[in-house]
1. Given (1) small (Gly, Ala, Ser); (2) closer than 28 Å to Val529 by Cβ; (3) crowded, with 16+ Cβ neighbours inside 10 Å, where does Gly771 come up short, assuming only one miss?
2. Hey, could you check segment 1-41 for residues that are charged (D, E, K, R) and assigned to a loop (DSSP other than H, G, I, E, B) and say which is modelled with the highest pLDDT?
3. Those residues that are open to solvent by less than 40 Å² (accessible area, probe 1.4 Å) and of a type in the set (Asp, Glu), I need them from segment 1206-1252; list them, please.
4. Counting only residues that are in contact with a Ser or Thr (Cβ under 6 Å, 6 or more places away or on another chain), in a strand (DSSP E or B) and open to solvent by less than 20 Å² (accessible area, probe 1.4 Å), how many does segment 676-715 have?
5. When you check Ala835 against the structure, is it modelled with pLDDT of 90 or more, open to solvent by less than 10 Å² (accessible area, probe 1.4 Å) and out of contact with any His (no Cβ under 6 Å at 6 or more places or on another chain), yes or no?
6. So, in segment 394-437, of the ones that are part of a loop (DSSP other than H, G, I, E, B) and among the small types (Gly, Ala, Ser), which residue ends up least open to solvent (accessible area, probe 1.4 Å)?
7. Take the residues in segment 1136-1147 that are assigned to a helix (DSSP H, G or I) and open to solvent by 10 Å² or more (accessible area, probe 1.4 Å); name whichever of them is nearest to Arg1049 (Cα to Cα).
Amino acid sequence: MADRGVDLSALPKEVRDQLAELDLELSEGDITQKGYEKKRAKLLASYISHLPNVDLPLPDVQLSPSRSADPSPSPEAPGPSTSSASRHHRSHRSGGARDERYRSDIHTEAVQAALAKHKEEKMALPMPTKRRSAFVQSPIDTCTPPDTSSASEDEGSLRRKAALSAALAQTLQSPDYWINRSVQSSSTSSSASSTLSHGEPKTQPQPQPQPAVSLLADVLAHTRIENSVPPDVTSSASQDRGSRVDLPPAVRGMSRGQSRSSMLDTADGVPVSSRVSTKIQQLLNTLKRPKRPPLSEFFLDDSEEIVEVPQPDPNTPKPEGRQIIPVKGEPLGVVSNWPPALQAALARWGATQAKSPALTALDITGKPLYTLTYGKLWSRSLKLAYTLLNKLGTKTEPVLQPGDRVALVYPNSDPGMFWVAFYGCLLAEVIPVPIEVPLSRQDAGSQQIGFLLGSCGVSLALTSEVCLKGLPKTQNGEIIQFKGWPRMKWVVTDTKYLTKPSKDWQPHIPTANTDTAYIEYKASKEGTVMGVAVSKIAMLTHCQALTQACNYCEGETLVNVLDCKKDMGLWHGVLTSVMNRIHTITVPYAVMKACPMSWVQRVHIHKARVALVKCRDLHWAMMAHKEQKDINLSSIRMLIVADGANPWSVSSCDAFLNVFQSHGLKPEVICPCATSPEALTVAIRRPGARGAPLPARAILSMGGLSHGVIRVNTEDKNSALTVQDVGHIMPGALMCIVKPEGSPQLCKTDEIGEIVINSRAGGTMYYGLPGVTKTTFEVIPVNQAGAPVGEIPFTRTGLLGFVGPGSLVFVVGKIEGLLMVSGRRHNADDLVATALAVEPVKTVYRGRIAVFSVTVFYDERIVIVAEQRPDASEEDSFQWMSRVLQAIDSIHQVGLYCLALVPANTLPKTPLGGIHICETKQNFLEGNLHPCNILMCPHTCVTNLPKPRQKQPVDVGPASMLVGNLVAGKRIAQAIGRELGVVEDQDLIRKVLSSVPALFLAEKITATLMERGGLNTGDNVVLLYPPGIDLIAAFYGCLYAGVVPVTVRPPHPQNLAATLPTVRMIIDVSKAACILTTQPLMRILRSREAAASVNVKTWPTIIDTDDLPRKRPPHIYKPPTAEMLAYLDFSVSTTGMLTGVKMSHAAVSTLCRSIKLQCELYSSRQVAICLDPYCGLGFVLWCLSSVYSGHQSILIPPLELESSLPVWLSTLSQYKIRDTFCSYSVMELCTKGLGTQTEMLKARGLNLSCVRSCVVIAEERPRLALTQSFSKLFKDLGLSPRAVSTAFGSRVNLAICLQGTAGPDPSTVYVDMKSLRHDRVRLVERGAPQSLPLMESGTILPGVRVIIVNPETRGPLGDSHLGEIWVNSPHNASGYYTIYGEESLQADHFNTRLSFGEPQTLWARTSYLGFIKRTELLDASGDRHDALFVVGSLDETLELRGLRYHPIDIETSVSRAHRSIAESAVFTWTNLLVVVAELSGSEQEALDLVPLVTNVVLEEHHLIVGVVVIVDPGVIPINSRGEKQRMHLRDSFLADQLDPIYVAYNM
């Protein structure tokens, strides 16, 4: 393969590889000829620069035999317009699978050019991560799914290793080669760039050798692998940065998408090395590209308008012509022998031309099956009319009356039966409603057909015996009730069941009048099916107009490929044909699928004069024509193209003419037409005279079209649309063009609008729907001043178009395919054409693509759904999707919101095999589409979000604060609990002495500690006990001995790996000198299983307290001051931080007194505690408060509920408990597990009427929905609705609020979420949009003061602001217990002063946001009650777009998005919002969740989701209090430990 002047074999191997790859790209149509030449010249430039005048010829691109063997001429070369490129694409696909309605070589070239332009710009899309089991779509050898590659040892990975090591040897000299190489190799992204080359300048290969320190990652990044493995842009490995060349074994699974930035810094500056973070970095790089319109200034928070309103662009083209003048059709001629009604024509031919053939039907092989003569048609129709009127029912009570509606259910393959039924109904004067044959109960659109039958009042269906047998039946043989259908009576119309009319019976054939003759169904854009009523006079006039326009003659032959039940197939092939005694040959859809040439053969055999086809039939015939050499089409005088109004029909007509001109087809016979269900035929091109010039085409600018104006495209041929005319309007009609939206104002001459028609030959109404009828059939156009133009009512056709020179009509689209995005119009068909021009289509089926728009966040968003071929690999699909994005962006200047690929044959089909768009859209919005690949692009196409808020600088002084308060009439937000009184007894220890069993055990433990522990006063001792009395005894034993107890939850024996490290951590952090525990736990701590997760040799002294000798301690320790440390409280916060706080003896005593006062806990009481007794209020209630108040406590460990759910509730009932404390996780378990069993529990005698207060102990916003559903569910068991309330505590103060018995009931308010994001509190009515219900967190405890503070300025806030809750109380903790004594943190949280207002008081910061509201209720002292509302943790809030979001609000929305989302959690990573959703349904639903989650967050929170992660149930970590551990989740996600079902990176 020696090129002239260049010996290719002498070139370096990498250049030869690149040349070969270029050839492949050209042969597959991935690159234009021009682009090919340019790249090839560039590659060879450095090798031929010393040769004078060498021009580079192109190689003959011989296509592989599986495609086509003809060499490909350059697209610029003159020749037949089906360039061989399009031929070769056609030939390697099966005949039926390809739908070429949208084929246009010019457009294909334009798309390729647009993509080539993008290729130079480069863009890297991160590929989604998919679990292998989720969808086994593609054969494993062609596609190793991402993220399993690192572990797979298949031949692919071995071959990959070989490829890598071979590649390494020759590439360490020049890393730039790899960078250049990556531009050609199409890796993850469509534009064939890779993460590495993103945004870097492209350097030329350097002649001198480079040092061998090129990063391994860079080399791996772009190795071309023969086995087309999807790039795993996520794997990472520790790389050896030295000069070693051999590969570390860990790198085996890495493929070419490896990024240089796999070591990222996290937000905290900690390096994170993980696949996920690499992908996120890649996503961020992609998102850095600017969006199209600049965003305007940010909205004010009180403004009702959220949406950014786009400013009108001064460069937008505006219509400049004069107002259009209505166009008149030629007058409808009067012919003397035209019949007074269509039935009269049939009667005439039936009598005078009985032997003349009316209809020939074909069998499945395309051979004639039977021919129905006019005589037979007449006699059978008469029989049917007679039977319908006289034989169904009795003489006195006939089933049918003239004017009743009857459904006609006949398959396309049996046109004869349909003709007889249709004319039989006309003769009986009942109204036929032809519909499709329902195939199953859940047929796509069957419910809508039911709506049609209901609105038309149909209760009787006519069908054939064969069809009836095929309908789905119930067990007992009756026809099933179809979804949404009214009750139907079925009548079989085969001849043997019909009765011959009696001699004296004659049908009544009146002269055509305005009564309805038949009803034709029509589906609207929303999917509702309506019936268009056509009157008898309109039916007749339409036939006359068609006869005149098409110049039909008596006795002609017509070949009809269309559906004869509606539209052109009915008007030409059933009605007009009978009027003119034409012989119709019907070619059903099934025959066309089996033998695409059948209609052309029929034209040839019967010397037909007229053929009625769609573009699809032209294309199929063209593809199959090679088999038929001797076909002659010279007899055709008119080839009517029914969908000629679709702009994409031009290329099919041209291509068909090209192929068949040599077979006698004359160019002037091709007649496109425009039709509409409402106006029937709108316009049709009349056959031209022989040799007359063909009509001109309009080449329009797509940019102009999107603004609704006509501009001839001159500058950019890539975004041009070529449109052919559809001839002149019908005889006797009048036409205008009006604005499609708003009032029907007449358009200007250069404006695109909706065609409206006034004619006697159109539909009269939507049957049974007077409201919509008025807006469609009775439109009176108005001029620019808004005054009506004349009196004549027009009918809207639903067609968008304009009138060209010579009054020719041009149609550019339909209203139902119109997508209005940001005020610009796009046509669904145009988008389909562009998507299909992204060759090579080895990924999707051509005819199975749906384009529609969904309304999300105040604008329409475009969605494309296509069926993926089973053999397409992950990477092929993803690459096709990203190229479609770019092509549509380039050519239509519009962003796609979502692109989804579904498995083959899963999209809902219409009865004739097309895609049912409305049903597809419905499935998409309901999450029933089940895609196998999805790409969401909200970042690029949602351009109406407001600008992010700029935070104001914070420097406010006391003056402004006071003035602000006075002016606004607001008070400073603070609240105070009632007086605590004198703390009667500082000494808890004395209280214990009254509790005998605990006392003995405590004394034993004290003695042992003093003897064996070797402890000093103030040492820390860890208590590791199961929940119970032992814990109390050990706690007080430590206090007696003067050591500081630290209670720790014991490790879970079945899950040591997860729970033991936390225990170890607390022991290490607290520097414990000794561990007190039980024998079984001691064995666990020293077991082999424990050794697997921690070092068991370095435990401190472990003392088991099970069998201690009976001894009394020599003395009991008394703390010298009350400020001495009593115990340490360790807990893991929801943000994943382990913190220990110090509790002094004074704090413990005041806390216990405060709780006793608030809850009125006297010694006679019994209290049930269903909490973990290790930290926070759970520990206080079990170990401290119970001893202090002297009441009996019953502890139900929450773990017990796992084995016996009702144990807590039955304890309450059995012991008649008045006060109980629990956690949210306990409440949720009971609600979910026992909610359905209340009747059974009631039967067992469970009674909760004794419960006076049930307090949920939590450190979070009250979960209103959960507490309400708990109250409602157990109301039947006697639970008072007032009993359930909540508490609030934090690390700095374990109990701030607790709903007591004396205080007023907790109040609920509704706040506006939009204001909350601005740290404002605006109260709204219940049910207001964007409202959030919040419940008070309980009454503030005695002795506690709370104030709301601005966390940045530390100044007090007014009560309409959201701020941090600060607390001042004698039972605040004394500080954090930290090893290194981080004083800054301590001072910051514990002894903080306000910046002004009351600077002497010391406050503790809770790190929770909330607000205070003065309610109308009165507290015990008679003052108005101040309620504290907790909104959420400050550490967990998400700062996005300058606003403050609370994760729980977003999670609530996400969980509502789809029935299969069990739980969700959100967090941010590098300013991207990541949503993790647990999928409770089947894995095939995983990808359905991605668009729904994105939609709901955008709609309700005005945020764009960056990453959607779908995981198994139970993956989101939850702590013992039932709170989500979002930071743990984030770390697991970034470290790639979640094993997600699917990860989608939204563009």
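1. (3)
2. Residues of segment 1-41 charged (D, E, K, R): 3-4, 7, 13-14, 16-17, 21, 23, 25, 28, 30, 34, 37-40.
Cutting the leftovers down to assigned to a loop (DSSP other than H, G, I, E, B) gives us 4, 7, 28, 30.
Numbers: Arg4: 48, Asp7: 68, Glu28: 53, Asp30: 60.
The selected residue is Asp7.
3. The answer is Asp1219, and nothing else.
4. 3
5. So Ala835 fails the test.
6. Filtering segment 394-437 for residues that are part of a loop (DSSP other than H, G, I, E, B) and among the small types (Gly, Ala, Ser), the one least open to solvent (accessible area, probe 1.4 Å) comes out as Gly403.
7. Filtering segment 1136-1147 for residues assigned to a helix (DSSP H, G or I) gives 1145-1147.
Going one step further and asking which of them are open to solvent by 10 Å² or more (accessible area, probe 1.4 Å), we end up with 1145-1146.
Numbers: His1145: 23, Ala1146: 25 Å.
Top of the filtered list is His1145.
To keep it simple, each residue is scored yes or no on (1) over 28 Å from Val1497 (Cα atoms); (2) within 32 Å of the chain's Cα centre (by Cα).
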{"site": "Lys1314", "(1), (2)": "no, yes"}
{"site": "Arg1320", "(1), (2)": "no, yes"}
{"site": "Gly1327", "(1), (2)": "no, yes"}
{"site": "Leu1334", "(1), (2)": "no, yes"}
{"site": "Arg1345", "(1), (2)": "yes, no"}
{"site": "Pro1351", "(1), (2)": "no, no"}
{"site": "Pro1356", "(1), (2)": "yes, no"}
{"site": "His1361", "(1), (2)": "no, no"}
{"site": "Val1367", "(1), (2)": "yes, no"}
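The values are calculated or read from the model by the stated rules, or taken from the named source; none is laboratory data. Predicted, not measured: the structure shown is a model, and the values here were computed from it. Using ideal geometry, Cβ is built from the backbone for each residue, glycine included, and neighbour counts are taken over all protein chains shown. With ligands, DNA and RNA removed, areas are computed over all heavy atoms of the protein, side chains included. Shrake-Rupley method; radii C 1.70, N 1.55, O 1.52, S 1.80 Å.
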